[in-house]
Amino acid sequence: MSAPPENWEGQSTARPPLFNGQYYSWWKNRMRDQIIGENYELWDIITDDPLATMKINVEGEEVPKKRADCIADDLRKWEKNAKAKKWLVCGLGPDEYSRIQSCTTTKEIRDTLQVAHEGTPQVKRIISEKDRVEKILTRVLPVTWESKITVIQESKNIATLKLDELIGNLTAYELRRQTMKMDIPTKEMSLALRITEGSDLEDDEMAMITKDFKNYLKRAKGTSRSGSYSKPKAPERKTNEGCYKCGKTDHHIKNCPQ
C-alpha cells in the first residue's frame with residue numbers, strides 16, 4: 001500500500017485524514033482506524049447501513065419516522081448517523097466531495113469512493129491478475145526465456161490470460177526443457193527460484209505465484225513419472241513349478257515316468 005511522500009493536512013488525531021484523489025488505500029485504512037477509535041458503532045454505520053428509526057403507519061406498513069415521531073432513543077440514532085457522515089465528509093477535498101454530494105447515507109458514500117478508486121471486486125481481481133501476468137512475462141522470466149515469452153505474447157490474448165494458465169504453460173515448458181536436456185546455462189536459476197528471488201512483485205503476489213508454480217511443477221512431474229513407458233519386469237519363475245511334460249508337481253521333468 002503506497003503512502004504520501006510527505007505528511008499531508010489531516011494528521012491530527014482530532015480530525016479526519018484528508019483525501020483529495022490520491023493514495024486512497026492509505027486514506028481508507030487511516031480513516032477506518034480513526035473512526036473506530038472515536039466510536040466503533042460509527043464504523044458499523046458506514047460499512048452497513050444507518051441506524052433505522054421506523055414506525056408502522058395506518059396502512060400497516062413500516063415507514064421511516066419523521067422528526068415529530070422520534071423519541072429520545074431515535075434522536076440518539078440520528079445523531080450517530082450524522083456523526084458518521086460528518087467524519088467521512090470532512091475528510092474529503094473539493095473534488096471528492098463533488099463525487100459523493102448526492103449520496104444520502106454513509107454506506108453510499110463509502111461504496112461510491114470504493115468503486116471510483118478501487119473498482120468492484122470483480123474488476124479488481126481481473127486487473128490484479130492481468131498485472132501479475134504482465135509482470136511475470138516482462139520482469140520475472142530470464143533472458144533465455146525470450147523465445148517462449150514471444151510465443152506466448154503472439155499466441156495468447158494477454159488481457160484475458162489467466163495466471164494459473166500462464167504458470168501451467170511455463171511449467172510444462174520448463175519440464176520439457178529438462179526432459180530434452182536443452183542447453184540451459186548453469187548459472188540460470190530455475191523459474192521457481194527466479195520468481196522467488198529475482199522479481200519486484202509484492203510479497204503476497206510472490207507467495208501466491210511461487211506456490212502455484214511449485215504445485216504445478218509437482219503435479220506435472222508426478223504425471224510424467226506415472227505416465228512413463230518403462231518396460232515392465234518379467235515375472236520371476238517359481239523355483240518349484242513341477243514337471244513341464246506331464247504337469248504334475250510332485251516331480252521334475254528329469255524324473256518323469258512318461
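The values are calculated or read from the model by the stated rules, or taken from the named source; none is laboratory data. Everything numeric here is computed off the predicted structure, so don't read it as measured data. All Cβ positions, even for glycine, are placed from backbone atoms using ideal geometry, and neighbour counts span all protein chains on display. Remember, those area values only see protein heavy atoms, side chains included, never the ligands or the DNA or RNA. Shrake-Rupley method; radii C 1.70, N 1.55, O 1.52, S 1.80 Å.
Remark: pairs (first residue in the range 146-157, more than 15 Å from Glu134 (Cβ to Cβ); second residue of a type in the set (Ser, Thr, Tyr) and modelled with pLDDT of 85 or more; Cβ separation under 6 Å; 6+ apart in sequence or on different chains) are absent. Residues in the range 138-165 that are in a loop (DSSP other than H, G, I, E, B), exposed (fewer than 15 other Cβ atoms within 10 Å of the Cβ) and of a type in the set (A, V, I, L, M): Ile158, Ala159.
The set of residues in the range 63-72 being surrounded by 10 or more Cβ atoms within 10 Å (Cβ to Cβ) and in a helix (DSSP H, G or I) consists of Asp69 alone. Yes or no: Ala82 under 30 Å from Pro17 (Cβ atoms), open to solvent by less than 70 Å² (accessible area, probe 1.4 Å) and free of Cβ contacts under 8 Å to residues at least 24 places away in the same chain? So Ala82 passes the test.
Quick grid of which residues meet (1) of a type outside the set (D, E, K, R); (2) closer than 30 Å to Gly168 by Cβ; (3) in contact with a helix residue (DSSP H, G or I) (Cβ under 6 Å, 6 or more places away or on another chain); (4) open to solvent by 60 Å² or more (accessible area, probe 1.4 Å):
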{"residue": "Asp44", "(1), (2), (3), (4)": "no, no, no, yes"}
{"residue": "Glu61", "(1), (2), (3), (4)": "no, no, no, yes"}
{"residue": "Val89", "(1), (2), (3), (4)": "yes, no, no, no"}
{"residue": "Tyr97", "(1), (2), (3), (4)": "yes, no, no, yes"}
{"residue": "Cys103", "(1), (2), (3), (4)": "yes, no, yes, no"}
{"residue": "Val115", "(1), (2), (3), (4)": "yes, no, no, yes"}
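In the set (1) surrounded by 14 or more Cβ atoms within 10 Å (Cβ to Cβ); (2) of a type outside the set (Phe, Trp, Tyr); (3) part of a helix (DSSP H, G or I), the condition left unmet by Pro50 is number (3).
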